[in-house]
Amino acid sequence: MSKAQGRLSGLLGRSVRDLFSRSRGVLALDIGSSCVKLLETDGPPGNIRLLTAGIAPLPPTAVQNNLIQDFDVVAETIRDLVKQTGARSREVVTAVPGPAVMIKKIHLPSGSDEANFDQQVMVEAGNAIPEHLDNVTLDYQVLGYTERDELEVLLVAVKKDIVNSYTSVIRDAGLVPVIVDVDYFALENMFELNYDLEESHVVGLVNVGARYCSINILRSGRSSFTGDIPVGGAEFTDVLMRNLGVSPEEAEVLKAGGTAGDLGRDQIEAALTPAVQFLVEEIHRALSFYWRSDAEEPLSAVYLSGGTARTAGLARMLSERLETPVEVADPLARVTLGRVVDAEFVRRNATSLAVTIGLAARRVGDKT
């Protein structure tokens with residue numbers, strides 16, 4: 001990771017201070033459009049232990065257009081979660097949403113002067129990023145050499161007002177933001193923590209959030225393509241409420257594979273099928289950009305996460321459409337549960353915690 005100062009301010013995981021020189025606790029905080037998820041963990045990278053966990057809903061107006069809009073409500077929700085879970089850590093790892101992020105790849109000559117490397121990146125970033133660099137938080141990572149012996153560099157930029165809205169609300173809650181990640185890359189960290197990725201495999205990670213889906217394609221152990229779709233689990237909830245006459249709470253239960261009243265599974269799946277088909281087609285459309293621009297090998301597998309991942313028919317229909325094995329990811333596969341954590345609660349919400357687990361796995365110096 002770059003050691004540059006100024007504009008290169010640590011978006012991808014460089015901390016405000018050297019927090020992780022020892023294995024003390026950290027708070028992973030995922031502030032979404034519908035809820036806040038909090039995990040407290042400790043332990044070294046690759047061997048984290050989950051100490052506390054909590055999820056609290058947010059009103060629809062609290063987070064809009066990738067910005068924290070109601071600081072008081074979000075800060076109070078965070079404070080309440082910390083109190084309810086008994087979390088003791090105060091240093092926070094958080095993430096900005098993928099749709100707020102500008103990601104570009106640039107290429108530099110292999111003989112680039114190391115002493116002036118940051119300056120060279122800034123020059124190229126000025127051409128690649130469609131915003132004035134004074135208005136964005138920018139970071140980069142060298143991915144490696146291309147077949148033409150050029151250095152491939154990943155640029156990630158977010159408008160400063162977006163980053164500031166997340167860090168400010170965390171400070172308002174009495175906590176200290178030390179790492180700001182991106183949900184795409186948090187998914188990657190979650191996967192690397194829990195699964196062994198063969199060098200030759202190309203894996204798709206799809207996280208279905210409340211308002212949008214995040215996609216990250218891993219090739220040769222690194223992110224090769226990222227994207228998002230403005231469709232999420234909220235549409236599924238609305239469909240169930242409209243077609244089956246259930247409450248929002250009942251719709252969430254049905255979406256996760258549960259039951260309500262005398263509704264049968266066939267009836268529930270039939271109500272969901274049009275929405276599932278639409279999401280599947282949108283995912284296929286997003287992946288078509290990858291196949292046209294950067295694909296060299298076919299997908300080996302796709303892993304679903306997010307609160308909607310277990311929706312009836314989603315994995316099966318996506319597998320059929322992509323002609324690729326699709327399974328629901330287990331973000332807790334290699335995570336140790338502490339003695340006081342509510343294991344039943346955590347396992348029940350495991351797929352919803354994929355991004356949060358990925359944030360908890362962050363350490364200074366990690367690759368993105």
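So here's what we get for this one:
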| quantity | calculated |
| --- | --- |
| Single unsatisfied condition, Phe191 versus (1) surrounded by 19 or more Cβ atoms within 10 Å (Cβ to Cβ); (2) in a helix (DSSP H, G or I); (3) at pLDDT below 95 | (3) |
| The stretch 67-88, residues that are surrounded by 19 or more Cβ atoms within 10 Å (Cβ to Cβ) and either within 14 Å of Cys35 (Cβ to Cβ) or not aliphatic (A, V, I, L, M) (or both) | Ile68, Val74, Thr77, Ile78, Leu81, Thr85 |
| Checklist (1) surrounded by 24 or more Cβ atoms within 10 Å (Cβ to Cβ); (2) more than 25 Å from Ala256 (Cβ to Cβ); (3) not polar (S, T, N, Q) applied to Asp183, failing item | (2) |
| Test: residue in the stretch 330-342 that is outside any loop (DSSP other than H, G, I, E, B), within 29 Å of Gly25 (Cα to Cα), in contact with a strand residue (DSSP E or B) (Cβ under 9 Å, 6 or more places away or on another chain) and not assigned by TED's automatic domain parsing to the domain that holds Cys213 | yes |
| Inter-residue pairs, beta-carbon under 7 Å, first closer than 13 Å to Thr237 by Cβ and in the same structural domain as Gly313 (by TED's automatic domain parsing) and in the stretch 255-269, second of a type in the set (D, E, K, R) and part of a helix (DSSP H, G or I), 6+ apart | Ala260/Glu250 |
| Which listed residue is among the aromatic types (Phe, Trp, Tyr), over 21 Å from Ser33 (Cβ atoms) and surrounded by fewer than 19 Cβ atoms within 10 Å (Cβ to Cβ), from Tyr140, Tyr145 | Tyr145 |
| Extreme residue, farthest from Pro97 (Cα to Cα), among residues of the stretch 207-254 that are without any contact (Cβ under 8 Å) to a residue 60 or more places away in the chain and assigned to a loop (DSSP other than H, G, I, E, B) | Gly245 |
| Condition check for Ser165: in a loop (DSSP other than H, G, I, E, B) and either basic (Lys, Arg) or surrounded by 14 or more Cβ atoms within 10 Å (Cβ to Cβ) (or both) | no |
| Test: residue in the stretch 296-309 that is surrounded by fewer than 22 Cβ atoms within 10 Å (Cβ to Cβ), of a type in the set (A, V, I, L, M) and in a loop (DSSP other than H, G, I, E, B) | yes |
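Yes/no per residue for (1) under 22 Å from the mean Cα position of the chain (by Cα); (2) closer than 21 Å to Gly204 by Cα:
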residue	(1), (2)
Thr259	no, no
Asp262	no, no
Asp266	no, no
His284	yes, yes
Arg292	no, yes
Pro298	no, yes
Ala301	yes, yes
Ala312	no, yes
Ala315	yes, yes
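Residues are listed down the side, and each one gets a yes or a no for (1) part of a strand (DSSP E or B); (2) within 20 Å of Asp183 (Cβ to Cβ); (3) touching a strand residue (DSSP E or B) at 6+ places or on another chain (Cβ under 7 Å):
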position	(1), (2), (3)
Glu76	no, no, no
Ser89	no, no, yes
Val93	yes, yes, yes
Ser112	no, no, yes
Asn116	no, no, no
Glu124	no, no, yes
Asn127	no, no, no
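The values are calculated or read from the model by the stated rules, or taken from the named source; none is laboratory data. Note that the coordinates shown come from a computational prediction; the quantities given were computed from them, not determined experimentally. Please note: Cβ atoms are built from the backbone with ideal geometry, for glycine as well, and neighbour counts cover all protein chains shown.
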